[in-house]
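Okay, so here's the structure we're looking at.
The values are calculated or read from the model by the stated rules, or taken from the named source; none is laboratory data. This one's a predicted model, so the numbers in the text were calculated from it and none came from an experiment. Every residue, glycine among them, receives a Cβ derived from its backbone with ideal geometry; neighbour counts consider all protein chains shown.
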Amino acid sequence: GLGVGALLKETGHVTLDPGFTNTASTTSAITYIDGDAGILRYRGYPIDELAEKASFLEVAYLLIHGELPSQAELDNFTDNVKRHTLLDEKFRAFFSAFPRRAHPMAVLSSAVSALSTFYQDSLDPFDAEQVERSSIRLIAKLPTIAAYAYKTSIGQPLLYPDNSLGYVENFLRMTFGLPTEPYEVDPEIVRILDMLFVLHADHEQNCSTSTVRLVGSSHANLFSSISAGVDALFGPLHGGANQAVLEMLEQIHTNGDDVESFVRRVKNKEPGVKLMGFGHRVYKNYDPRAAVVKKATRKALDLLGKPDPLLDLAMRLEEVALSDDYFVERKLYPNVDFYTGVIYKAMGFPTNAFTVLFALGRLPGWIAQWREMMSDPATKIGRPRQVYVGETERSYVDIKSR
Ligand code: ACO
């Protein structure tokens, strides 16, 4: 009658699984991945269908509440988000206090963490109404925070949110608009960024999501849990890969577009040389998100009238890698980060802001996973065991005798 965990404890055994390659940390009804077949579904809906047909806020609702919203539910959700886009005026001091050259992900995580200082009326993880309020606050305020981080880094004035605009258009305006000029953006570009957010919205128990869950399992509030997720996403093996991919492409381009010699260096495992944007713990097939992004990249560059040699370079890299035994044997395919950077760059985002865009997209997934965990009676504080390999017992030696 004992569960596996209890049984292992009972018999004095622990399992050792570095990197959790084979250990599930939870049950979940949110996202399904079949890594061998290259399948990804949110709440049962295939990712390419959602990318094509659903809006980001609709997908956020789906992830958090489990069902697609009716029109009335979506309108209500959208309205609610719009009513929370402003930041407390004191937040401005926050942005101006950071060094100009601060990485926007560092600013984002600090600012998200600071939300629990400003919004103390929604910190109780067991009060459903407060949790809903903090979820809406996060979704509403993250674009404002991201845009303000960018504006302060380039020394431009901050723009208040314009709640007559859609979620993504408002974000783009706060990021690229100026108080002196009306802001205009092609609706198809807005749609592409919205779709990129949909593609990033959840990915089951990845590093940042597991972090959000682990922090939340101590009953830390939602803001604190999410800021920990932002920090986990910062790393180049996770969300930071989109920045690393663009830097890699630029470097290869500067060195004369010699794709073959770069791939050779990757295969020789030269220290620090990896094909960034390739490989995935779960996908041993083409990442279905990468396929959608690849198609959107050409379209975005055409719409923006910004052809980019880095796109052709990325496509050649993919071609060379996918016909090379090293990558074939290891089942290394492009992941979601391989092409996104080229689009973000064409849209005008600086390279170090790319991971912030990933965070904006991933936010609803983090919230949904945190809420699923908090409402599951089987949840316990996350507390991995270890296999001790240090010294056995020994006696203290006085400092004079060492
Ligand atoms: N370039 C070259 N070789 C690679 C790459 C890569 N991008 N990825 C994996 N490999 C090789 C490894 O060296 C290893 O080879 P070996 O068996 O000869 O030692 C083999 O493939 C298996 O790789 P692991 O590192 O064991 O796979 P793991 O599941 O631990 O890592 C990860 C997955 C971190 C994504 C890895 O593929 C990687 O570092 N990729 C580049 C960074 C990246 O694009 N990250 C974004 C991931 S997606 C996301 O967060 C949205």
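Odds and ends about this structure:
- Flag if residue 111 is at pLDDT 95 or above, buried (at least 18 other Cβ atoms within 10 Å of the Cβ), not in a loop (DSSP other than H, G, I, E, B) and not polar (S, T, N, Q): yes
- The set of residues from region 177-200 being within 14 Å of residue 293 (Cα to Cα) and of a type in the set (A, V, I, L, M) comprises 189, 192, 193, 195, 196, 198, 199.
- Look at region 181-203: where a residue is in contact (Cβ under 8 Å) with a residue 40 or more places away in the chain and a partner is part of a loop (DSSP other than H, G, I, E, B) and of a type in the set (A, V, I, L, M), sitting 6+ places away or on another chain with Cβ atoms under 8 Å, you get 198/54; 199/336; 200/336; 202/30.
- Residue in region 217-248 that is nearest to residue 311 (Cα to Cα), counting only those that are of a type outside the set (A, V, I, L, M, F, W, C) and away from the ligand (no atom under 16 Å from the Cβ): 227
- Consider region 318-352 and keep the residues that are buried (at least 24 other Cβ atoms within 10 Å of the Cβ) and not hydroxyl-bearing (Ser, Thr, Tyr). The one that is farthest from residue 101 (Cα to Cα) is 334.
- Filtered by the rule that a residue be part of a loop (DSSP other than H, G, I, E, B) and of a type in the set (Phe, Trp, Tyr), region 146-186 gives 160, 183.
- Counting only residues that are part of a loop (DSSP other than H, G, I, E, B) and either touching an Asp or Glu at 6+ places or on another chain (Cβ under 7 Å) or surrounded by fewer than 15 Cβ atoms within 10 Å (Cβ to Cβ) (or both), region 236-256 holds 3 of them.
- If the condition is being part of a loop (DSSP other than H, G, I, E, B) and within 17 Å of residue 143 (Cβ to Cβ), then region 327-381 contributes 348, 349, 350.
- Any hit, region 281-301, residues being within 16 Å of the ligand (Cβ to nearest atom), at positive phi and not polar (S, T, N, Q): no
- Test for residue 381: is it farther than 25 Å from residue 338 by Cα, surrounded by 10 or more Cβ atoms within 10 Å (Cβ to Cβ) and not acidic (Asp, Glu): no
- Some residue of region 90-99 being of a type in the set (Lys, Arg), more than 16 Å from the ligand (Cβ to nearest atom), more than 30 Å from residue 279 (Cβ to Cβ) and exposed (fewer than 14 other Cβ atoms within 10 Å of the Cβ): yes
- All of (1) of a type in the set (Lys, Arg); (2) on the phi > 0 side of the Ramachandran plot; (3) without any contact (Cβ under 8 Å) to a residue 24 or more places away in the chain hold for residue 265 with one exception: (2).
- Failed criterion for residue 214 (all others in (1) within 16 Å of the ligand (Cβ to nearest atom); (2) farther than 13 Å from residue 368 by Cβ hold): (1)
- Any hit, region 250-269, residues being within 8 Å of the ligand (Cβ to nearest atom) and closer than 30 Å to residue 192 by Cα: no
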